[in-house]
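Below: the structure, in structure tokens.
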Amino acid sequence: MKYSCLNPIAPVGLNIFTDKYQKTDNVDEADIILVRSASMHDMQFSDNLKAIARAGAGVNNIPVDICAEKGIVVFNTPGANANGVKELVIAGLLLASRDIIGGVNWVQTIKDQPGVAKLVEKGKSKFAGKEIQGKKLGVIGLGAIGVLVANAAVHLGMTVYGYDPFISVERAWSLSRHVIPVNSRDEIYRECDYITLHAPLIDNGDPSSSTKGMINKEAFDKMKDGVIILNFARDLLVNDDDMAEALKSGKVARYVTDFPNDKTANMEGVIAIPHLGASTEESEDNCAMMAVKQLREYIEKGNIINSVNYPNCDAGECAALGRITILHRNIPKMLTQFTGVFSALNVNIANLVNKSKGDYAYTVIDVDSTINGDVISKLNSIEGVIKVRVVK
């Protein structure tokens with residue numbers, strides 16, 4: 001198998017590849033691609049390409065739908081950088097509550113004057129702030145990062161409210177019992193002194209579930225005066241024009257964002273951080289290791305972990321003589337046709353796993369004999385089949 005890296009990938013991750021994998025700079029001959037921030041939207045994908053792994057959570061730089069149509073499984077690494085982002089969120093809470101940045105910048109303006117120590121004592125009151133202990137924090141989105149932020153805030157003495165209608169069982173078990181669950185974003189807006197965003201970007205036109213621009217004038221009208229907003233999730237969760245007005249009026253005291261743009265970088269009251277959430281050595285190492293492990297699991301066993309365009313599927317180790325995987329459309333009668341091919345060729349199926357996700361599905365079939373060209377050609381001829389691959 002040949003792999004190509006579109007961005008520098010931490011060596012601790014690449015070292016997980018065995019000698020059966022060879023690095024290539026020629027993307028067209030690669031079986032798998034690892035990427036961080038490089039845009040892939042204008043790329044032409046060769047028929048060799050089987051999988052793409054994003055060493056990070058967001059996949060906006062990858063044409064996910066096009067990949068699905070070509071039978072290219074796209075992976076991401078949710079949670080691998082969660083601790084790094086959590087720590088920066090906590091720093092953002094403190095930076096917004098105490099005018100640390102203003103104070104530090106002011107010291108630089110007086111550092112060459114005589115008697116700096118006396119000047120500091122005289123002028124420090126201009127930068128006084130508030131403590132976060134005892135304040136109310138609302139966490140919108142309780143995924144890997146949101147849960148860590150909520151739990152950390154509890155330990156810092158904050159009263160924490162959490163909202164996530166789609167929270168997983170795993171995350172729910174990880175969440176502190178002291179976090180107060182709420183049933184709507186409106187409850188967060190109404191109750192909290194601080195609001196931190198950890199939701200995915202959803203733009204489906206439904207106000208009850210869409211998250212694009214959810215922090216807008218309508219939301220601000222429901223919030224306390226002087227609320228502090230933190231956005232370490234997605235730039236487009238916040239309506240920038242409405243945020244500018246809220247900052248001018250004092251409705252929002254501070255807006256901390258990890259996604260500066262032409263508007264927010266020039267707004268008074270904004271603490272703009274240059275997308276440093278996952279920029280730690282540990283996060284980059286964790287993402288690289290997770291990405292490579294997922295690629296190997298797919299290539300060597302056919303199992304899918306953390307795909308964004310195909311269903312997750314764990315068929316375990318293959319104990320039979322052969323294993324074949326089929327990426328296909330999620331339409332009726334596909335399994336009947338698959339099993340019919342094996343039956344007609346007198347091939348016994350030892351195990352079959354089928355999973356679906358939206359318009360696409362994935363089937364893993366273990367058989368008690370070696371897989372020949374007849375099986376592959378007949379499966380490929382079935383309408384709705386996108387890609388067939390022999391794993392063993």
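The values are calculated or read from the model by the stated rules, or taken from the named source; none is laboratory data. Please read all numbers here as calculations on a predicted model, not as lab measurements. Cβ atoms come from the backbone with ideal geometry, glycine included; neighbour counts cover every protein chain shown.
Which of the residues that make up segment 36-89 are surrounded by fewer than 23 Cβ atoms within 10 Å (Cβ to Cβ) and among the β-branched types (V, I, T)?
Within segment 36-89, V59, V64, I66 qualify.
What number goes with the only condition from (1) assigned to a loop (DSSP other than H, G, I, E, B); (2) over 18 Å from A219 (Cβ atoms); (3) within 20 Å of the chain's Cα centre (by Cα) that A172 does not pass?
Result: A172 passes all but (1).
To keep it simple, each residue is scored yes or no on (1) at pLDDT 95 or above; (2) surrounded by 15 or more Cβ atoms within 10 Å (Cβ to Cβ).
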{"position": "V308", "(1), (2)": "yes, yes"}
{"position": "N312", "(1), (2)": "yes, no"}
{"position": "E317", "(1), (2)": "yes, no"}
{"position": "K355", "(1), (2)": "yes, yes"}
{"position": "S369", "(1), (2)": "no, yes"}
{"position": "N372", "(1), (2)": "no, no"}
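Need a quick list: strands (runs of 3 or more DSSP E) entirely within segment 209-292 having at least 1 residues that are among the aromatic types (F, W, Y) and either closer than 23 Å to I145 by Cα or touching a Leu at 6+ places or on another chain (Cβ under 9 Å) (or both). Don't jump to the end; show me each part of the working.
Values: elements: 227-231, 252-257, 270-272.
Output list reads 252-257.
Which residue out of R296, R323, R329 is buried (at least 20 other Cβ atoms within 10 Å of the Cβ), of a type in the set (D, E, K, R) and within 18 Å of G71 (Cα to Cα)? Break it down into steps so the answer makes sense when it comes.
Details: R296 fails: buried (at least 20 other Cβ atoms within 10 Å of the Cβ); R329 fails: buried (at least 20 other Cβ atoms within 10 Å of the Cβ).
It is R323.
Taking I52 as meeting all but one of (1) in contact with a strand residue (DSSP E or B) (Cβ under 6 Å, 6 or more places away or on another chain); (2) aliphatic (A, V, I, L, M); (3) farther than 18 Å from N306 by Cα, write down the number of the exception.
That leaves (3) as the condition not met.
Looking at (1) part of a helix (DSSP H, G or I); (2) in contact with an Asp or Glu (Cβ under 9 Å, 6 or more places away or on another chain); (3) at pLDDT below 95, which is the only condition L201 fails?
Here L201 meets the rest and fails (1).
For every residue, the table says whether it meets (1) in contact with a helix residue (DSSP H, G or I) (Cβ under 8 Å, 6 or more places away or on another chain); (2) modelled with pLDDT of 95 or more; (3) within 25 Å of A57 (Cα to Cα).
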| position | (1), (2), (3) |
| --- | --- |
| A144 | yes, no, yes |
| A152 | yes, yes, yes |
| M158 | no, yes, no |
| Y161 | yes, yes, yes |
| S168 | no, no, yes |
| S174 | yes, yes, yes |
| R185 | yes, yes, yes |
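Just give me the residues in segment 149-203 being polar (S, T, N, Q) and surrounded by fewer than 21 Cβ atoms within 10 Å (Cβ to Cβ), in sequence order.
Residues satisfying the conditions are N151, T159, S168, S174, S176, N183, S184.
Considering each of G13, G56 in turn, give the residue that is in contact with a helix residue (DSSP H, G or I) (Cβ under 7 Å, 6 or more places away or on another chain) and at pLDDT below 95.
Numbers: G13 fails: at pLDDT below 95.
Residue meeting the stated conditions: G56.
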